[in-house]
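Chemist: Mind having a look at this structure? Questions to follow.
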Amino acid sequence: MFAARERLAGENTDPRGAQRRVLADLLGFNASTEFGREHGFGRVRTMDDFRTAVPVRDYAAHAPLIERTAAGERNLLSADAPAVYFTSSGTTGAHKKIPVTPRFMRTTFMPFYFAAWAPLIEHFPEVLEGPGAVLNLKHDPLSAPPTTADGRPHVGASQVDFGARFGEPLSAEPGTGAPWAALPARTEPGDHLERAYLRLRLAVQSDVRALVGINPAMIAAVPYQLNLWWPRIVKEVRDGTLGGVPHGAPDPGRAAGLERLAEYFGTVRPAHVWPRMRALFCWATGVASLYLPALREEFGAGVTVLPAPVAASEGPVGVALDRHASAGSLVASASVYEFVPADLDLAPDCATLLPHELEIGHDYHVIFSHVGGLYRYAVGDVVRVVDRVGGVPRVEYAGRGGRSDAVGERLRDAQAVRALRTALDSGGLALRNVACRVEPAADGAPRSPSSPRPSHPSRYVFAIAPRTPWSAAEAARFTAALDGSLAAESGGYARARASGRLGPPAVRLLDAEAFARDWHEAVGTGIRPTQVKDRLFRQDDGLWGRLTGTPGG
């Protein structure tokens, strides 16, 4: 891990050279593929040549060749045959098939992957003191994974054994050797909640020092889960059972201690169960940045949040090489990176910026190309440039690339999150989570930006679970501050408000556990916990109704 980090840090001294080498490698290795021949890889020499030869593309543009590859054809996108396909949910909910080749893993994925763990191991070495020192919530291997037509597994990255599949014996993550890593009790493949329960049931008997979640919503669910399942957990610890089946020796002493915790504090907090907790490893930006400071306290005083890498199933973008709270250095040797200002629309022929052209404090769409067979791929994420270290930009995840655009306001995730933070800080308030939607105009007014001022215009409604109760006066002040902050962040929002096409926002206060219940209901439908992420914009009536308790939205 330390060696991988030092290698990446060393490459940061010559990022442009690293980018040229990545481009030359992917062009040379894949020149004879169907894609390479169609786009003239053999004639491409420079980045300008590459941009001329290949348009900006999303998953849908890659999908035909990916589907043919998954059906058994070879040498289409990459000269390397995929060993596995990572699954990733798109905005439509359809599962993508991301081809993962041995060459991609060796040159693009593993160096970044190893380096990502270095800050955790360096500053909290106690997480390696024993196999039960880390509760890895994302690790969820399958004994019989689904496969594509060519016989390759089609699974999440968290469900792949990199050692067995790619010959990387050192790639086991912290916590993957814990007693709960491979559950002895049988569960149905889609019963993710029962597996989560079984892991917690075993983990309460261990001295856990760190939680690995990547998706912060999984970590946010733990305090709720402990209280939800507490009587069952305590009973099974006392009886020596797991899922109702004998497992290990009964431990009445630990059960009595757990009972006393709940009686004394009136609730169960992770800090009570694991008093020597030191670190949480997860994404620390986006909506999570609004609730992580308070959530961290649930796990104990002095607990540190270390940011998980800025990455997608399709490939890496940035990795923290130190203890920065949110950002990671661009992985210059992993992919060829291009960027488009986040306020602009992506198009096949849109102009792009290279890493050395990015400005600190600005948001950008991410486009990358790598040897695994993705070319000028618009991943759909937006990053914010925090600073530069060693010649490369350091970036943090700023949200999805889509916009909420009911009446021309073109509001982005990152803008709404920053506005929420400003409004919260103005009143000293905190929340557990937040989502919003556009409530349509009551009189059915047209949605065109040029339409006349409607009498009851569309407006944003923010559903908020406060950290502690807000008074009516606090909620009113917050709502007014939020309106001003949104206008300051987004010119489109400000113009829509000034023209009357958009009314003032409204705030709907939910109970403290609303988002935890909603997360559990989503996981209960069979969606893997790693894929049930924070979503700020929720326009679907059914999902909004489930969250707010209002059938029909």
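Chemist: Between residue 456 and residue 122, what length in nm is gained on full extension when 0.36 nm per residue of separation is reduced by their alpha carbon distance?
Modeler: Gain on extension, residue 456 to residue 122, equals 114.5 nm.
Chemist: Also: Collect residues whose amide H, placed 1.01 Å from N in the peptide plane, falls under 5 Å from the amide H of residue 305; neighbours closer than 5 in sequence don't count.
Modeler: The list, which skips near neighbours in sequence, is 280.
Chemist: How far apart, in nanometres, would the label points at residue 513 and residue 488 be if each is projected 7 angstrom from Cα along the Cα-to-Cβ direction?
Modeler: 3.7 nm
Chemist: Loop-only GluC sites (Glu not before Pro) in region 108-153, please: DSSP not H, G, I, E or B, and at most 13 other Cβ atoms within 10 Å.
Modeler: 129
Chemist: For a quick check: with amide H placed at 1.01 Å from N, whose amide H comes under 5 Å from residue 136's, ignoring anything fewer than 5 positions away on the same chain?
Modeler: Amide H neighbours of residue 136, under 5 Å, 5+ apart: 212.
Chemist: Once the piece of chain linking residue 182 and residue 129 is laid out straight, how much longer is it, given 0.36 nm per residue of separation minus the C-alpha distance between them? Intermediate values should be presented prior to the final figure.
Modeler: Numbers: separation 53, 0.36 × 53 = 19.08 nm, distance 1.93 nm.
Extra length available between residue 182 and residue 129 comes to 17.1 nm.
Chemist: Counting only the heavy atoms of the protein chains, how much of residue 474 is accessible to a 1.4 Å probe, in Å² to the nearest 10?
Modeler: Number for this one is 50 Å².
Chemist: What FRET efficiency would be calculated for the residue pair residue 468, residue 161, taking the C-beta separation as r and a Förster radius of 45 Å, to the nearest 0.05? Working shown, then result.
Modeler: On the way: r = 43 Å, r/R0 = 0.96.
FRET efficiency, residue 468 to residue 161: 0.55.
Chemist: Still on this structure, please answer the following. Accessible area per residue of the chain at 1.4 Å probe, in Å²?
Modeler: Per-residue value: 40 Å².
Chemist: Something else now. If you roll a 1.4 Å probe over the chain with all protein chains in place, what percent of the accessible area is carbon or sulfur?
Modeler: Working: 11960 of 22310 Å².
Carbon plus sulfur share of accessible area: 54 percent.
Chemist: Further, regarding this structure: For region 202-247, what ratio Rg/Rh do Cα atoms give with a Kirkwood hydrodynamic radius?
Modeler: Value, to two decimals: 1.02.
Chemist: Percent of Cα-Cα pairs per 5 Å bin, from 0 to the last occupied bin, for region 237-372, please list those.
Modeler: The distribution over region 237-372 is 2, 8, 12, 13, 13, 10, 9, 8, 8, 5, 6, 4, 1, 0, given as percents.
Chemist: Report the equivalent ellipsoid semi-axes for region 21-168 in whole Å, largest first, defined as the square roots of five times the eigenvalues of the gyration tensor built from alpha carbon atoms.
Modeler: Result for region 21-168: semi-axes of 32, 21, 14 Å.
Chemist: For residue 170, tell me the accessible area in Å² from a 1.4 Å probe, rounded to the nearest 10.
Modeler: 140 Å²
Chemist: Cross-link candidates for residue 533: which lysines have Cα within less than 20 Å, leaving aside residues fewer than 8 places away along the same chain?
Modeler: Leaving aside lysines fewer than 8 places away in the same chain, those within reach of residue 533 are 96, 97, 138.
Chemist: Full extension from residue 347 to residue 521: what is 0.36 nm times the residue separation minus their Cα-Cα distance, to one decimal in nm?
Modeler: Value of the extension gain: 59.0 nm.
Chemist: With an 8 Å cut-off on Cα pairs and a minimum separation of 6 or more residues, tell me the relative contact order of the chain in percent. Walk me through the numbers before you get to the answer.
Modeler: Values: 1061 pairs, mean separation 79.7, N = 553.
In percent, rounded to a whole number, it is 14.
Chemist: For the pair residue 476/residue 68, report the inter-label distance in nm, with labels modelled 7 Å from Cα in the Cβ direction.
Modeler: Going by the 7 Å Cα→Cβ label model, 6.5 nm.
Chemist: Distance in nm between label sites at residue 43 and residue 194, each 7 Å beyond Cα in the beta-carbon direction?
Modeler: 6.0 nm
Chemist: OK, next. Compute the FRET efficiency between residue 20 and residue 294 as 1/(1 + (r/R0)^6), taking r as their Cβ-Cβ distance and R0 = 51 Å, and round to the nearest 0.05. Let's see the in-between values first.
Modeler: On the way: r = 45 Å, r/R0 = 0.89.
Efficiency, from the Cβ-Cβ distance: 0.65.
The values are calculated or read from the model by the stated rules, or taken from the named source; none is laboratory data. What you see is a predicted model, and the numbers here were worked out from it, not measured in a lab. Cβ: placed from backbone, ideal geometry, glycine included. Neighbour counts: every protein chain shown. In case anyone asks, the SASA skips ligands and DNA or RNA and just uses the protein heavy atoms, side chains included. Shrake-Rupley method; radii C 1.70, N 1.55, O 1.52, S 1.80 Å.
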